[in-house]
Amino acid sequence: MSSTAPSRPTAKRSKPRSKPRAAPRVALQKPHDEKIAQLREAHRRGKVVLFVGAGISMGLGLPPWSALIEHMARELGIDARSFGDKGGYLTLAEYFRLRHGSIGPLRSWMDREWHRGDVRVEASRIHELLAKGRFPIIYTTTTTGGWRPRSSTTRSGTQRS
């Protein structure tokens, strides 16, 4: 009598299991990413016109526009806010000129305040980027509150038009 082991049911052999497929990766873009890419490309080609407000130099410690207004009012012995309904700050500047006979004293004060020896423009990252930027023209604010074009120069120092 021979003894045999009971037979087990044999399992069907299937193909070796492969790793589950990962979903295809889709680069999710924020809505503004395409616009940023377009702006970068336009800048690279020198096709971006830049508008720079007066506050950009405040990081250097230069006084804000309000300091000029306050200085004129203080020199005149008046409240600067009182000119808000009398034609605004241009009227204040004209009144200053009439009272002093010229804007000479104001220009002297501005030279002292805005051209101080401790102002290091070369240490300003934003000014460095402005200088290295490929902007054919840069508009800056003026003392009249409008926008004024400033010509841009190439790195070789030649003026762009």
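The values are calculated or read from the model by the stated rules, or taken from the named source; none is laboratory data. Worth saying up front: this structure is predicted, and the values here are computed from it rather than measured. Virtual Cβ from ideal backbone geometry, glycine too; neighbours counted across all protein chains shown. Note: areas computed on protein heavy atoms with side chains; ligands, DNA, RNA excluded. Shrake-Rupley method; radii C 1.70, N 1.55, O 1.52, S 1.80 Å.
Can you name every residue in region 32-60 that is among the basic types (Lys, Arg) and either more than 17 Å from the chain's Cα centre (by Cα) or at pLDDT below 85 (or both)? Break it down stepwise before answering.
Within region 32-60, the subset among the basic types (Lys, Arg) is 35, 40, 44-45, 47.
Selection gives ARG45 alone.
Return a yes/no flag: does region 61-79 have any residue that is at pLDDT below 85, in a loop (DSSP other than H, G, I, E, B) and surrounded by 14 or more Cβ atoms within 10 Å (Cβ to Cβ).
yes
Just give me the residues in region 43-60 being surrounded by 12 or more Cβ atoms within 10 Å (Cβ to Cβ) and assigned to a loop (DSSP other than H, G, I, E, B), in sequence order.
Once the filter is applied, which keeps residues that are surrounded by 12 or more Cβ atoms within 10 Å (Cβ to Cβ) and assigned to a loop (DSSP other than H, G, I, E, B), region 43-60 yields GLY46, LYS47, VAL48, VAL49, GLY53.
Filter region 136-147 for residues that are under 17 Å from SER57 (Cβ atoms) and open to solvent by less than 40 Å² (accessible area, probe 1.4 Å); which is modelled with the highest pLDDT?
Ranking the qualifying residues of region 136-147, first place goes to ILE138.
For region 88-124, which positions are more than 31 Å from the chain's Cα centre (by Cα) and part of a loop (DSSP other than H, G, I, E, B)?
Within region 88-124, GLY101, SER102, ILE103 meet the criteria.
Tell me which residues, restricted to region 92-105, are open to solvent by less than 50 Å² (accessible area, probe 1.4 Å) and closer than 11 Å to ALA73 by Cα.
Correct list: LEU92, ALA93, PHE96.
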